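Written below as structure tokens is the structure these notes are about.
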Amino acid sequence: MATHRSCALWSCCGRRWSRVMRCCRLPGFRSSWPRGPLGARHLSQEKQATETHFGFETVSDKEKGGKVYHVFESVAKKYDVMNDMMSLGIHRIWKDLLLWKMHPFPGTQLLDVAGGTGDIAFRFLNYVRAQHKRKQKKQLRAQQNVSWEEIAKKYHNEEDPLGGSRVVVCDINKEMLKIGKQKARAQGHKAGLAWVLGDAEELPFDDDKFDVYSIAFGIRNVTHIDQALQEAHRVLKPGGRFLCLEFSQVNNPLISRLYDLYSFQVIPVLGEVIAGDWKSYQYLVESIRQFPSQEEFKEMIEDAGFEKVTYESLTSGIVAIHSGFKL
């Protein structure tokens, strides 16, 4: 998807320019001037016209963006169903583990990138709501001589059941966001949730804005992974956390052979039968094989400026959760 370390020189040179232009931005959103994680940004038109991969196919950078957009536009309506079918429902456990690792508290500001259908956002809202209720109960139990009326008021007059927490779902694909909004209405999620159309490589947010940045099964589809990681670093507050759930490298030879057989022989067939789209799911399988190993991706995260970078392999390395901090 991307060359890494290629933006290191630009990052160093752009820091001072970023500070000069900072006063020109509207609150909460980025200006159109080039800026980056610790400074430098290329303008879109300045991106090098280099080659990259689209699955096993070699394409230009510009061409890949359009192809990936078309894939997710095509699969959006059946995306959640196919996730259940392809992973036999295990993706739900992986996402639950991501939230468990995140362990957000009331007041946490989360940016979920490539989160169009809302799976991580809804889990986040449910998690912090439960956390806030537990905190509320603990406070009431600690109080002495509290009347029933005071307890009832405490519960029924609660203005913010999320305790100040907010999640912004940012996705480049309109169709994926559309499905996410439909799911939010169906599940009754209103407060503390916003939907933004945006590119992971050029996030439309100010510096130092979020406590946590999450991206689940999305970063391998980004054309320039290094730039997306730099943007993640830029929008996080000092002390903020980066969390990525992504397919990775299987570490068991036997499971690896079985996984390859299932991936290439079964998943595209499921895509054709359920979603009417063989090619898109063939790409998704191929894109997994092109993604860096756990150690290689860890190094890329560190190159973007994150510290204390660790990862945990799940299900014999089929997926991994990478974590890093902006210190």
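Considering only residues that are assigned to a helix (DSSP H, G or I), touching a residue at least 40 places away in the same chain (Cβ under 8 Å) and over 16 Å from the mean Cα position of the chain (by Cα), which ones fall in segment 81-108?
Selection gives Val81, Met82, Met85, Met86, Ile90.
Residue by residue, here is whether (1) part of a loop (DSSP other than H, G, I, E, B); (2) open to solvent by 20 Å² or more (accessible area, probe 1.4 Å); (3) free of Cβ contacts under 8 Å to residues at least 24 places away in the same chain; (4) among the hydrophobic types (A, V, I, L, M, F, W, C) holds:
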{"position": "Val168", "(1), (2), (3), (4)": "no, yes, no, yes"}
{"position": "Pro204", "(1), (2), (3), (4)": "yes, yes, no, no"}
{"position": "Asp208", "(1), (2), (3), (4)": "yes, yes, no, no"}
{"position": "Asp211", "(1), (2), (3), (4)": "no, yes, no, no"}
{"position": "Arg220", "(1), (2), (3), (4)": "no, no, no, no"}
{"position": "Glu231", "(1), (2), (3), (4)": "no, no, no, no"}
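Matching residues to (1) farther than 17 Å from Lys178 by Cβ; (2) open to solvent by 30 Å² or more (accessible area, probe 1.4 Å); (3) hydrophobic (A, V, I, L, M, F, W, C):
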| position | (1), (2), (3) |
| --- | --- |
| Met86 | yes, yes, yes |
| Pro106 | yes, yes, no |
| Thr117 | no, no, no |
| Ala121 | no, no, yes |
| Lys137 | yes, yes, no |
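Filtering segment 247-285 down to residues that are open to solvent by 40 Å² or more (accessible area, probe 1.4 Å) and charged (D, E, K, R), which residue is farthest from the chain's Cα centre (by Cα)?
Among those that are open to solvent by 40 Å² or more (accessible area, probe 1.4 Å) and charged (D, E, K, R), it is Arg257.
Which one of these does Asn145 not meet: (1) farther than 28 Å from Glu73 by Cα; (2) in a helix (DSSP H, G or I)?
Every listed condition holds for Asn145 apart from (2).
Restricting segment 252-283 to residues that are in a loop (DSSP other than H, G, I, E, B) and modelled with pLDDT of 90 or more, which is farthest from Asp84 (Cα to Cα)? Before the answer, list the steps.
So the first thing to find is which residues in segment 252-283 are in a loop (DSSP other than H, G, I, E, B), and the list is 252, 266, 276-277.
If we keep only those that are modelled with pLDDT of 90 or more too, we end up with 252, 266.
On the way: Asn252: 23, Val266: 14 Å.
My answer is Asn252.
Hey, among Gly180, Gly239, Gly164, which residue is under 27 Å from Leu314 (Cβ atoms), in contact (Cβ under 8 Å) with a residue 12 or more places away in the chain and not in a helix (DSSP H, G or I)? Give the steps one after another, and end with the answer.
Details: Gly180 fails: not in a helix (DSSP H, G or I); Gly164 fails: under 27 Å from Leu314 (Cβ atoms).
Just a single option satisfies the conditions, and that option is Gly239.
Taking segment 260-302 as the region of interest, how many residues are touching a Pro at 6+ places or on another chain (Cβ under 6 Å) and in contact (Cβ under 8 Å) with a residue 12 or more places away in the chain?
We begin by selecting, within segment 260-302, every residue touching a Pro at 6+ places or on another chain (Cβ under 6 Å); these are 278, 281-282.
Retained after the next criterion (residues that are in contact (Cβ under 8 Å) with a residue 12 or more places away in the chain): 281-282.
Residues that pass the stated criteria total 2.
Could you please find all residues in segment 206-246 being at pLDDT below 95 and over 13 Å from the mean Cα position of the chain (by Cα)?
Answer for segment 206-246, where residues must be at pLDDT below 95 and over 13 Å from the mean Cα position of the chain (by Cα): Thr223, His224.
The values are calculated or read from the model by the stated rules, or taken from the named source; none is laboratory data. Note that the structure is a prediction, hence the values are computed from the model and not measured. Please note: Cβ atoms are built from the backbone with ideal geometry, for glycine as well, and neighbour counts cover all protein chains shown. Remember, those area values only see protein heavy atoms, side chains included, never the ligands or the DNA or RNA. Shrake-Rupley method; radii C 1.70, N 1.55, O 1.52, S 1.80 Å.
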